[in-house]
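**Q** Take a look at this one; I'll ask things after.
The values are calculated or read from the model by the stated rules, or taken from the named source; none is laboratory data. Nothing here was measured: the structure is a model prediction, and the numbers come from that model. Glycine also receives a Cβ, built like all others from the backbone with ideal geometry; neighbour counts cover every protein chain displayed.
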């Protein structure tokens, strides 16, 4: 039986969705080398996750709850996986955003597209 521990704000935390040991291994792999989002997400087990659970991971990373991960949030994405995660450099943040922002609006939606209003 799975139990969910919510953060003090009542939000789900990453270890509800991913194995702590896989998160640590992936964070350690990128502690001193250039961050590769595709490789990182594969290492933490997201490649094998259901679309529903990937969306939950996205929601944990979407700190302000806007439905998007903006550049400011992206810089701290590794801290979303663990408080011990490092900040991304400006270059890593911009490269990650460029690769994931499919519509060029400067932010990442769950599917890379703008949220319809």
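**Q** Residue 38 versus (1) within 22 Å of residue 91 (Cβ to Cβ); (2) loosely packed, with under 14 Cβ neighbours inside 10 Å; (3) touching a helix residue (DSSP H, G or I) at 6+ places or on another chain (Cβ under 7 Å): which is the lone unmet condition?
**A** (3)
**Q** Considering only residues that are touching a strand residue (DSSP E or B) at 6+ places or on another chain (Cβ under 9 Å) and assigned to a helix (DSSP H, G or I), look in the range 81-117 and name the one that is surrounded by the most Cβ atoms within 10 Å (Cβ to Cβ).
**A** Per the criteria, the residue is 96.
Residues checked against (1) buried (at least 17 other Cβ atoms within 10 Å of the Cβ); (2) at pLDDT below 90; (3) outside any loop (DSSP other than H, G, I, E, B):
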{"site": "23", "(1), (2), (3)": "yes, no, yes"}
{"site": "33", "(1), (2), (3)": "no, yes, no"}
{"site": "53", "(1), (2), (3)": "no, no, yes"}
{"site": "59", "(1), (2), (3)": "no, no, yes"}
{"site": "64", "(1), (2), (3)": "no, no, no"}
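**Q** Another question about this same structure. Of everything in the range 10-21, what is assigned to a helix (DSSP H, G or I) and in contact with a strand residue (DSSP E or B) (Cβ under 9 Å, 6 or more places away or on another chain)? Give them in sequence order.
**A** 16
**Q** Mind checking which residues of the range 42-51 are surrounded by 16 or more Cβ atoms within 10 Å (Cβ to Cβ) and assigned to a helix (DSSP H, G or I)?
**A** 43, 46
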